[in-house]
1. Give me, ordered by chain and number, the residues 5 or more places off LEU287 or on other chains with an amide H under 5 Å from its own placed amide H.
2. Can you grab the distance from the C-alpha centre of the range 228-250 to the C-alpha centre of the range 254-304, Å, no decimals?
3. Just ASN349, ASN263, ASN34 to compare: in a GNM of the chain, with alpha carbon springs under 10 Å, which one fluctuates most?
4. Among PHE331, PHE169, PHE143, determine the one that fluctuates most according to a GNM of the chain built with springs between C-alpha atoms less than 10 Å apart.
5. Using amide H atoms built 1.01 Å from N in the peptide plane, name the residues 5+ places from LEU275, or on other chains, whose amide H lies under 5 Å from its own.
6. Where Rh denotes the Kirkwood radius from the mean inverse Cα pair distance, what is Rg over Rh for the range 216-287?
7. May I ask you to evaluate 6.51 cos²θ - 1.76 cosθ + 1.60, the Karplus curve with θ = phi - 60°, for each residue of the range 192-204 and list the ³J(HN,Hα) values in order in whole Hz, giving x for glycine and proline?
8. Rounded, prolate or oblate: which fits the chain when a ≥ b ≥ c are the square roots of the eigenvalues of the alpha-carbon gyration tensor, with rounded for a/c under 1.5 and prolate only if a/b beats b/c?
Amino acid sequence: MPYQPNDLLSRHFEESGHDLISKVEEQLSLVSPNSPNIPIYRDMILTVLRMAQDDHNRWNAKITLQALRELEQAFRVLEQFKGRRKVTVFGSARTPIEHPLYGLARELGAALARSDMMVITGAGGGIMAAAHEGAGLDHSLGFNITLPFEQHANPTVQGTTNLLPFHFFFTRKLFFVKEADALVLCPGGFGTLDEALEVLTLIQTGKSPLVPVVLLDAPGGTFWQGALAFIQQQLVENRYILPTDMNLVNLVYTAEEAVEHINQFYSNFHSSRWLKHQFVIRMNHKLSDRALEHMQEAFADLCLSDHFHQHAYSGEEHDEAQFSHLARLAFTFNARDHGRLRALVDYINLPDNWAQSQPQAQQRTRTPSKVT
């Protein structure tokens, strides 16, 4: 959705007799004269000024400062990796090197690198170290957290520009999800389970874009199998979640299956966004008339009104003209059933539903960028 200026914030300073708004905008115009983001930066500065005016608590001010510094540093560092698809890998930091899961995570990192995807981890040991080891430095990013223990980065990213240190868990967790075009979760402890449930909650509620969430276990392993059984018996059967929410995760037992699942997700689906009141899916290939006609009935429950529309770039997405070559599928999404939305994505990813099917070897050629 387009940014809406905070009129209440502006009125606050106007009514206080402060001529700050024009002064702030004047300074910003000198720094970024052509930036469309000036209204956003203005509101950010005015928000900080209002905090200073209230001056309630030193701890609140320190938290705000630290969070802003971490956000700015992360944005700046990650800019150099913009345009590359990234996969966040979670798992226990305590997995020993001789454990089958360590070897599996190493295979996963190598397979993701072969598909030209970067591997994001918490930069620690165990599963994180194994995934980075397999991927190599050029395909690794580490988001480390400062802790009294287990805080040292693994050898792959230690001392490199591919390592970002974080003081707060919440800013670190933001980037784990924000930068991820997919997530792979290996068995782990409280932290891994926390990330799994948080990611699923964000996707289920539409607060995070729909991306592949892969549960990876060693052959014969029961970690995720048991977790999914609990979710089915306690959450689905008690109607705490929709049965279709189970579509948001996929359980696999090999690195190749995990990577293939991610590649398949992006074989036609490119990215999505809200445009006014329409939900827009960008696609690498236009859908056939037959597939679109079948979709009108098969997925009618996703539309609040009207039906699915397929069209080319129209210029309305003025801030994202770099995706003008992609086909669009637009509809009035109910914004509730993201499990069914995942089923729709699987449908548009079937080559038989494309207007012009291409050989499997060419399906992975895409613009490697996630935009929400």
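1. Placed amide hydrogens put ALA355 under 5 Å from LEU287.
2. The range 228-250 and the range 254-304 have Cα centres separated by 22 Å.
3. Comparing ASN349, ASN263, ASN34 in the GNM, the peak value goes to ASN34.
4. Highest fluctuation among the options: PHE169.
5. Here VAL280 satisfy the definition.
6. Values: Rg = 16.3 Å, Rh = 14.9 Å.
Looking at the range 216-287, the ratio lands at 1.09.
7. Working through the residues one at a time gives 5, 5, 4, 5, 4, 5, 5, 4, 5, 5, 5, 6, 4 Hz.
8. oblate
Read-outs: derived from the displayed coordinates by stated rules, not from any lab. Computed from a predicted structure; not experimentally measured. Neighbour counts are summed over all protein chains in view; Cβ atoms, including those assigned to glycine, are modelled from backbone coordinates with ideal geometry.
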